[in-house]
Amino acid sequence: MPQTEMLTIGGSEMKVLVETPQGPGPHPAMIVVHHGPGLDDFTLDVLARLAGQGIVAVAPDFYHRCPPVETIKERVEMFHDDQIVEDIQAAKAMLAAREDVVSDRIGILGHCLGGRLAFLGAASIADMRVLAILYGGNIMVPWGKEAPAPIDLAGDINCPIIGFFGNEDTNPAPGDVDRIAEEFSTSGKIFTFHRYDDTGHAFQNFLNEDMYREASCNDAWAKLSEFLKSNL
């Protein structure tokens, strides 16, 4: 099970789950941006998978500023992109200060909501080592007053990128994925996208029986593992 650490950001306490691999390191590290349900068993599984690959993995609770509300939608509507970037910067600084982490080998990944926020983090923080987007939605939508949409910041990403998407998804729909790919191509980014037929949103989330697709999930994990070995 991961350990829990606390970071104080703007007067708010942010919980961060930390999963460490065996051995003293130093190790590369990844910031795991949670999906809509937050720090649930799926997020714990992502942390464990990364640690099993020799990566220090942390998952901040990006809902720390939100008061108790009934639905994920209500929580997400309280997000501001500038605050999210601040949270990601704090998590990255925490990792860089650890003796078991190689400070210039820190990347970021996220599923669903987390895919959008990981995109935003990599575009806003110049020295991320890698970016992995797993069916990230709302990348064309800004959150917060006068904030640019993440897609408008695509040219600011300075690291290799990998993405995984279902061709039956509606957010991001295949046309959205095409637009993201076009932005990356136009700005000369190094990226690889993998798309899966008969697969929709949340296809790696084993907690969602209706959406989970075992074959697509396993293929994506295998490809992501190789990407991290080569680039992180």
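The values are calculated or read from the model by the stated rules, or taken from the named source; none is laboratory data. Not measured: the values here are computed from a predicted model. Ideal geometry is used to build each Cβ from the backbone, glycine not excepted, and the neighbour counts take in all protein chains shown. These accessible areas exclude ligands, DNA and RNA; they are computed on the full protein's heavy atoms, side chains included. Shrake-Rupley method; radii C 1.70, N 1.55, O 1.52, S 1.80 Å.
Any residue in the stretch 201-223 that is at pLDDT 95 or above and in a helix (DSSP H, G or I) sitting within a Cβ distance under 9 Å of a residue that is among the aromatic types (F, W, Y) and surrounded by fewer than 15 Cβ atoms within 10 Å (Cβ to Cβ)? List the pairs, counting only those 6 or more apart or interchain.
E214/F206; C217/F206
Give the residue, chosen from A90, A96, A59, A48, that is touching a Ser or Thr at 6+ places or on another chain (Cβ under 6 Å) and over 20 Å from I161 (Cα atoms).
A96
Any residue in the stretch 150-167 that is free of Cβ contacts under 8 Å to residues at least 12 places away in the same chain, exposed (fewer than 15 other Cβ atoms within 10 Å of the Cβ) and within 13 Å of R116 (Cα to Cα)?
Yes: one or more hits.
Sort out which residues of the stretch 93-110 are under 13 Å from P21 (Cβ atoms) and either surrounded by 21 or more Cβ atoms within 10 Å (Cβ to Cβ) or among the aromatic types (F, W, Y) (or both), and write them in order of number.
Of everything in the stretch 93-110, just one residue is under 13 Å from P21 (Cβ atoms) and either surrounded by 21 or more Cβ atoms within 10 Å (Cβ to Cβ) or among the aromatic types (F, W, Y) (or both), namely V101.
Among the residues of the stretch 61-77, which ones are open to solvent by 50 Å² or more (accessible area, probe 1.4 Å) and touching a strand residue (DSSP E or B) at 6+ places or on another chain (Cβ under 6 Å)?
R65
Could you tell me how many of the residues in the stretch 82-92 are closer than 15 Å to N138 by Cα and crowded, with 24+ Cβ neighbours inside 10 Å?
Residues in the stretch 82-92 being closer than 15 Å to N138 by Cα and crowded, with 24+ Cβ neighbours inside 10 Å: 0 in total.
Which ones in the stretch 61-91 are in contact (Cβ under 8 Å) with a residue 40 or more places away in the chain and assigned to a loop (DSSP other than H, G, I, E, B)?
Scanning the stretch 61-91 gives D61, F62, H64, R65, F79, H80.
Just for the stretch 168-191: of the residues that are within 18 Å of A118 (Cα to Cα) and not hydrophobic (A, V, I, L, M, F, W, C), which one is most open to solvent (accessible area, probe 1.4 Å)?
R179
For the stretch 198-223, give me the residue count where each residue is within 13 Å of D45 (Cβ to Cβ), open to solvent by less than 50 Å² (accessible area, probe 1.4 Å) and aromatic (F, W, Y).
1
Here is a check on your reading of the model: is L117 under 22 Å from G10 (Cα atoms), among the aliphatic types (A, V, I, L, M) and either in contact (Cβ under 8 Å) with a residue 40 or more places away in the chain or open to solvent by 10 Å² or more (accessible area, probe 1.4 Å) (or both)?
The answer is yes for L117.
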